[in-house]
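Undergrad: Sending over a structure as C-alpha cells; questions will come in a sec.
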Amino acid sequence: MSYLLPNLPSGWHVDEAIKSEEDRVVVIRFGSIDDSEECQRMDQTLYAVSERVQNFAVIYLVDIKKVPDFNTMYELYDPCSVMFFYRNKHIMIDLGTGNNNKINWAMDNKQELIDIIETVYRGASKGRGLVMSPKDYSTRYRY
C-alpha cells in the first residue's frame with residue numbers, strides 16, 4: 001500500500017511538506033517502506049482513511065532508511081511511527097502510553113485513526129500543542 005500514498009524522498013521534501021501546509025494536519029508515517037509488516041498494516045489503514053480525512057489532513061510516508069535526517073531528532077527507533085504536524089509545529093497527542101510524540105504501533109481500526117486525526121486537527125486549530133486522544137491506549141486496555 002505504500003505506493004498508493006505520497007512518499008517524501010528527502011529531508012528537504014519532509015520540511016517543505018510540514019512548512020507549506022497551512023490549513024490541514026500533516027500526518028507523516030516514518031518507517032521502512034518494504035521491510036516491516038507493521039508498517040504495511042499501518043499503510044493500509046492510512047490509505048483507507050486518506051479520502052475521508054482529505055479536507056483536514058494530508059498523509060505522507062517517509063522511509064527512515066533513505067531519509068535518516070529525522071531519526072535522532074524525533075527518536076525514530078520503532079519500525080513504524082506516525083507523527084502529526086500543524087502549521088510547522090509538531091502536535092503531540094496523549095494516548096495514555098507515556099509517549100506523547102507519536103503513535104508507534106500499527107492501527108487496524110480505521111474509525112479510531114480518523115478520530116485521532118480529527119482530534120489532532122481540532123486541538124491544533126485551537127492552538128494546542130498537546131491534545132488528548134479520544135481513547136486510552138494504555139497497556140491495561142490491550143490496544
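Undergrad: If a residue must be more than 19 Å from Lys66 (Cβ to Cβ) and in contact (Cβ under 8 Å) with a residue 60 or more places away in the chain, how many such residues does segment 28-54 contain?
TA: Looking only at that region, the number is 6.
Undergrad: Kindly check whether there is at least one residue in segment 118-127 that is of a type in the set (D, E, K, R) and either assigned to a helix (DSSP H, G or I) or closer than 19 Å to Ile18 by Cβ (or both).
TA: Checked segment 118-127: at least one residue is of a type in the set (D, E, K, R) and either assigned to a helix (DSSP H, G or I) or closer than 19 Å to Ile18 by Cβ (or both).
Undergrad: Just to verify a result, which residue in segment 46-57, among those that are outside any helix (DSSP H, G or I) and touching a strand residue (DSSP E or B) at 6+ places or on another chain (Cβ under 8 Å), is surrounded by the fewest Cβ atoms within 10 Å (Cβ to Cβ)?
TA: The residue in question is Phe56.
Undergrad: In a helix (DSSP H, G or I) and over 14 Å from the mean Cα position of the chain (by Cα) - does that describe any residue in segment 75-98?
TA: So far as segment 75-98 goes, no, none of its residues is in a helix (DSSP H, G or I) and over 14 Å from the mean Cα position of the chain (by Cα).
Undergrad: Filter segment 1-18 down to residues that are in contact (Cβ under 8 Å) with a residue 12 or more places away in the chain and among the hydroxyl-bearing types (Ser, Thr, Tyr) and give me whichever is surrounded by the fewest Cβ atoms within 10 Å (Cβ to Cβ).
TA: So the residue we want is Ser10.
Undergrad: Condition check: within 23 Å of Arg122 (Cα to Cα), hydrophobic (A, V, I, L, M, F, W, C) and modelled with pLDDT under 95. Does Leu76 satisfy that?
TA: For Leu76, the condition - within 23 Å of Arg122 (Cα to Cα), hydrophobic (A, V, I, L, M, F, W, C) and modelled with pLDDT under 95 - is not met.
Undergrad: Kindly indicate the residue of segment 1-16 that is modelled with pLDDT under 90 and not aliphatic (A, V, I, L, M) and also farthest from Phe70 (Cα to Cα) among those meeting that condition.
TA: Tyr3
Undergrad: Whether any residue in segment 47-59 is modelled with pLDDT of 95 or more, touching a Ser or Thr at 6+ places or on another chain (Cβ under 6 Å) and closer than 19 Å to Leu8 by Cα is what I want to check.
TA: Within segment 47-59, one or more residues are modelled with pLDDT of 95 or more, touching a Ser or Thr at 6+ places or on another chain (Cβ under 6 Å) and closer than 19 Å to Leu8 by Cα.
Undergrad: Could you tell me whether any residue of segment 2-22 is within 14 Å of the chain's Cα centre (by Cα) and within 22 Å of Pro134 (Cβ to Cβ)?
TA: Checking segment 2-22: not a single residue is within 14 Å of the chain's Cα centre (by Cα) and within 22 Å of Pro134 (Cβ to Cβ).
Undergrad: Of all residues being polar (S, T, N, Q) and surrounded by fewer than 18 Cβ atoms within 10 Å (Cβ to Cβ) in segment 81-111, which is farthest from Val26 (Cα to Cα)? Just the residue, please.
TA: Here the residue is Thr97.
Undergrad: Going through segment 19-45 one residue at a time, which ones are surrounded by 14 or more Cβ atoms within 10 Å (Cβ to Cβ) and closer than 15 Å to Tyr121 by Cβ?
TA: Glu21, Arg24, Val25, Val26, Val27, Ile28
The values are calculated or read from the model by the stated rules, or taken from the named source; none is laboratory data. What you are looking at is a predicted structure, and each value in this text was computed from that prediction instead of being measured. Positions of Cβ are generated from backbone atoms using ideal geometry, with glycine treated the same way; all protein chains shown enter the neighbour counts.
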